[in-house]
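**Student:** Here it is, the structure, as structure tokens.
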Amino acid sequence: MSSTSTHPPEALTWKQAGDDVHVATRDGEFAGFVEIYGATHVVRDNHGTELGSFRTLRDARSALEGTPRRGALSFRQALRRRLSRSTS
């Protein structure tokens, strides 16, 4: 019989990348970000998929904390994807 143990995911580390963008990493890998539009906080995962809109930054961050890690993009890849979407 084999036994597997799971460890809780590492906590996210947050950095403010701009006046209206907060970026999260987990274990040194890009995990997602929160964009602020007025009073709305939109959270996206590491693939840019929108997870929802929240009234507070705290709620938006909490939404990302609970998401499982999917094939991680590097910060550079995620930033490129984000910038290409904003120019479209």
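The values are calculated or read from the model by the stated rules, or taken from the named source; none is laboratory data. All values derive from a computational prediction rather than experimental measurement. FYI the Cβ positions are ideal-geometry reconstructions off the backbone, even for glycines, and counts take in every protein chain you see.
**Student:** Between R44, R55, which is surrounded by 14 or more Cβ atoms within 10 Å (Cβ to Cβ) and not hydroxyl-bearing (S, T, Y)?
**Tutor:** Just one listed residue meets the conditions, R44.
**Student:** Ok, one more. Go through the range 16-62 and tell me which strands (runs of 3 or more DSSP E), entirely inside it, have 2 or more residues that are among the aliphatic types (A, V, I, L, M).
**Tutor:** Of the strands (runs of 3 or more DSSP E) lying wholly inside the range 16-62, those with at least 2 residues that are among the aliphatic types (A, V, I, L, M) span 21-26, 29-37, 40-45.
**Student:** Quick one: count up the residues across the range 20-30 that are more than 18 Å from D59 (Cα to Cα) and over 11 Å from the mean Cα position of the chain (by Cα).
**Tutor:** 2
**Student:** Looking only at the range 1-38, how many residues end up being among the aliphatic types (A, V, I, L, M), surrounded by fewer than 18 Cβ atoms within 10 Å (Cβ to Cβ) and either touching a Phe, Trp or Tyr at 6+ places or on another chain (Cβ under 9 Å) or modelled with pLDDT of 90 or more (or both)?
**Tutor:** 4
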